[in-house]
Amino acid sequence: VPKEGIPTLWGSAVHLGLEVLDRGKFYKESKDGAVNNACEKLLRNYGEALTLSGDNTRNLESALRVIVWRAEDEYENNNVRTAAMPDGTPGLEVRFECPIPDTKYRISGRIDKLAYVNDDLYITDFKTTKSGLNEWYFQRYAPNTQVYVYLWALRKVLGMEVKGFIIDAIQTGVNFTRFGKQPFNV
């Protein structure tokens with residue numbers, strides 16, 4: 001088993017696959033092309049390690065299933081679209097670092113995705129879990145320090161009008177994957 005542990009490795013693999021999938025949709029790549037690219041990159045970077053997983057809910061098969069099943073929803077859903085950054089690149093894995101006023105400290109982070117829902121800009125944070133995607137699951141993210149720091153950075157440092165954040169959750173089981181999204185307007 002890899003030293004970082006299967007849950008962390010699996011989550012990183014899924015994040016990478018979703019990033020490649022979203023990038024493909026942003027650049028108007030076909031669904032099949034984006035899925036192929038995402039799966040190939042996931043296999044190349046994490047395939048060998050995930051075959052060692054003894055966890056039937058977090059292994060290579062379940063990671064690939066997330067990508068393939070997610071593409072079905074993402075390519076059909078037209079009211080959610082990845083935002084473009086000022087330089088025209090997709091708002092995916094957006095890194096930021098900024099000073100904390102009147103201190104020697106800096107705050108940094110990486111935002112999974114900036115997306116428009118209809119015409120409103122949201123921060124999207126991907127979460128993976130074995131837990132059920134019910135109201136109690138989503139409520140633990142409001143308030144959430146991580147997300148509120150991201151909102152502060154986008155609003156105060158980058159001057160972006162952000163309506164709120166979306167927890168984009170992926171639940172995995174032995175033979176299933178379930179998706180759920182919960183927006184929070186703040």
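Quick notes on this one:
- Residue 83 long-range amide H proximity, modeled H, under 5 Å: 91, 114, 115, 116
- The order of the peptides 138-145, 30-37 by mean Cβ neighbours within 10 Å, most packed first, is 30-37, 138-145.
- Once the gyration tensor of the Cα atoms in segment 12-105 is diagonalised, the equivalent ellipsoid follows with semi-axes of 28, 21, 11 Å, ordered largest first.
- Cross-link reach list, lysines versus residue 41, counting only Cα pairs under 28 Å and skipping chain neighbours closer than eight places: 3, 25, 28, 31, 113, 127, 130, 181
- Answer label for semi-axes √(5λ) of the Cα gyration tensor in Å (calculated), chosen among [x] 27, 20, 17; [y] 23, 20, 13; [z] 39, 21, 16: [x]
- Here the 3J(HN,Hα) profile of segment 39-45, calculated from phi with Karplus coefficients 6.51, -1.76 and 1.60 at θ = phi - 60°, is 5, 4, 5, 4, 4, 5, 8 Hz, Gly and Pro shown as x.
- For segment 128-143, the Karplus equation 6.51 cos²θ - 1.76 cosθ + 1.60, evaluated at θ = phi - 60°, returns couplings of 10, 7, 9, 6, x, 8, 10, 4, 5, 4, 6, 5, 6, 9, 9, x Hz by residue, with Gly and Pro reported as x.
- For the chain, the relative contact order comes to 18 percent (Cα pairs under 8 Å, sequence separation of at least 6).
- Whole-number D in µm² s⁻¹ for segment 104-186, Kirkwood Cα-pair radius fed into Stokes-Einstein, 10 °C, 1.306 mPa s: 116
- For 136, 10, 152, 69, the ranking by accessible surface with the largest value first comes to 136, 69, 152, 10, using a 1.4 Å probe.
- Portion, in percent, of the accessible area of the chain that falls on carbon or sulfur, probe 1.4 Å: 49
- Spatially proximal lysines relative to residue 104 (Cα-Cα < 24 Å; intrachain offsets below 8 disregarded): 156
The values are calculated or read from the model by the stated rules, or taken from the named source; none is laboratory data. Everything numeric in this text was worked out from a predicted model, so none of it was measured. Neighbour counts run over all protein chains shown; Cβ positions are idealised from the backbone, glycine included. When the accessible area is computed, the model is the full protein with side chains, heavy atoms only, and any ligands, DNA or RNA have been set aside. Shrake-Rupley method; radii C 1.70, N 1.55, O 1.52, S 1.80 Å.
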